[in-house]
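Here's the structure, in C-alpha cells; my notes come after.
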Ligand code: IPM
Ligand code: MN
C-alpha cells in the first residue's frame, strides 16, 4: 500500500516521539513492502514562532491532501502563564480538528501484564482492563461562543450540541461496541445540562437499533469515580468533548503511564493519529520521553487502512519492549532506556523474527539491538 502521511511533530517532545513512530512505520514498510511517504508541516508553538499562525495555510493544505496525519504534541510553557495571550499553540490542533471535521476521538485504554505491578492502583483493580473511549471532538464547550466582557469581570463559554453532531459519533461507538464486548456507557451530566439531556435521548433512540448492545448511563462525576474503583466494568465509553478530555487523562493512570495512550481522530476528512500526552516541555531534547503512545498511534493509523497484521506486529513489539523493561524512565526507574533506544528496539524487533535473542547491553550502548 502507498500512503502519504502528513507529519506534524509540533512542540516539546513531539518531534522526538514522532521520529520513533516514523522509524517503526519504516520498519513495517520494509517488512511488508509498503511505501510510506512523509510530508512535514508546522503546527503549534513551532508554527507561531515561524509564521505567527498555529495552523498555517500550508499545513492545512498538506493535511487535506494526505492520506493520514501523524501528530506529535502541542503546547509551550511560554504561553501557559499568560491567559490573556491571543494566539495560543493549542488553537493549531483545535482548528485542525474543526477544519478536517474530525468529530470522533477514539482512545483505547488497556493494561499490560508486565506493568500491572507498577500501577498506582491495586493489581486486582486494573487487571484485564480493555476500554475504548469515544470522545466527541468538534463540538461542545470547546467550540461554542465564548466571550470576556468589556470590563473583564465576566466571561462565558457556551456548550452546544446538535442532533447531527451527537448521532454521527454515537453510530461509530455502537458499531465499535458490537464487535467488542457489546456494552456502551454514555457519560453525561443530564441531571443538570440541557445538552446532556439531548445526548441521552438521542443515544437511547439510536440504541434501539442496536439491541445486542447493553446501554448504560453514568453521570460524569460517578464515571470518574467508577473508572478508578472498577475500570473492568467498562467496554465502550461515549461522551462529549470536555468530559472525554478529562476522563481519558484519568484513564491513563490505569495503563501505568500517560506515555502509553494513543488516539485516532476520525471524521469527514483526513484522519489524525496522536498520542494523548502533551508536549512535556521539561523532557524536551533530553531523549527521555516515552515514544510508545506515538508508536501505538502509528499502529492505529495502519489499522485505519485495514493493515491489521502490521498494526498487530507493532503492538507485539511494544508489548515485548515493556515485558523486557526496555522502557523510558516513566516506566522504568532503575534501568533507563532512551527514547531513541526504545524506538530502535521496536523497529528491530519488527524487522527480525520473534525467535531472535536480544542483548540489552547493546541497546544501552545504542548499538544494534539484536545479536
Ligand atoms: C487533548 C489535548 C487538547 C484538548 C489540548 C491540547 C487543546 O489536551 O488532545 O486531549 O484539550 O483537546
Ligand atoms: Mn487532553
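Of note:
- With respect to (1) touching a residue at least 24 places away in the same chain (Cβ under 8 Å); (2) touching a helix residue (DSSP H, G or I) at 6+ places or on another chain (Cβ under 6 Å); (3) not assigned by TED's automatic domain parsing to the domain that holds residue 203, the lone exception for residue 243 is condition (3).
- Test: residue 350 is farther than 30 Å from residue 90 by Cβ, at pLDDT 90 or above and outside any loop (DSSP other than H, G, I, E, B): yes
- Checklist (1) surrounded by fewer than 24 Cβ atoms within 10 Å (Cβ to Cβ); (2) outside any loop (DSSP other than H, G, I, E, B) applied to residue 296, failing item: (1)
- Test set (1) in the same structural domain as residue 340 (by TED's automatic domain parsing); (2) within 12 Å of the chain's Cα centre (by Cα); (3) modelled with pLDDT of 95 or more - residue 278 fails condition number: (3)
- Just one of (1) closer than 21 Å to residue 173 by Cα; (2) in contact (Cβ under 8 Å) with a residue 12 or more places away in the chain; (3) not assigned by TED's automatic domain parsing to the domain that holds residue 133 fails for residue 308. It is (2).
Yes/no per residue for (1) farther than 18 Å from residue 24 by Cβ; (2) more than 14 Å from ligand 2 (Cβ to nearest atom); (3) in contact with a strand residue (DSSP E or B) (Cβ under 8 Å, 6 or more places away or on another chain):
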| residue | (1), (2), (3) |
| --- | --- |
| 236 | yes, yes, yes |
| 239 | yes, no, yes |
| 258 | yes, no, no |
| 262 | no, no, yes |
| 277 | no, no, yes |
| 322 | no, yes, no |
| 334 | yes, yes, no |
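- Qualifying residue in region 220-239 (condition: within 17 Å of the chain's Cα centre (by Cα), buried (at least 22 other Cβ atoms within 10 Å of the Cβ) and away from ligand 1 (no atom under 16 Å from the Cβ)): yes
- Of the criteria (1) touching a helix residue (DSSP H, G or I) at 6+ places or on another chain (Cβ under 9 Å); (2) more than 15 Å from ligand 1 (Cβ to nearest atom); (3) on the phi > 0 side of the Ramachandran plot, which one residue 111 fails: (3)
- Selection within region 62-93: residues that are under 14 Å from the mean Cα position of the chain (by Cα) and within 14 Å of ligand 1 (Cβ to nearest atom). The member of this set that is nearest to residue 36 (Cα to Cα) is 69.
- Test: residue in region 80-91 that is within 16 Å of ligand 2 (Cβ to nearest atom), assigned by TED's automatic domain parsing to the domain that holds residue 314 and touching a helix residue (DSSP H, G or I) at 6+ places or on another chain (Cβ under 6 Å): yes
- The set of residues from region 252-278 being more than 22 Å from residue 3 (Cβ to Cβ), within 14 Å of ligand 1 (Cβ to nearest atom) and surrounded by fewer than 24 Cβ atoms within 10 Å (Cβ to Cβ) comprises 252, 258, 276, 278.
- When restricted to residues that are part of a strand (DSSP E or B) and within 18 Å of residue 279 (Cβ to Cβ), region 10-42 contains 2.
The values are calculated or read from the model by the stated rules, or taken from the named source; none is laboratory data. Since the structure is predicted, the reported quantities are computational estimates derived from the model, not experimental observations. Note that we place each Cβ from the backbone using ideal geometry, even for glycine, and neighbour counts take in every protein chain shown.
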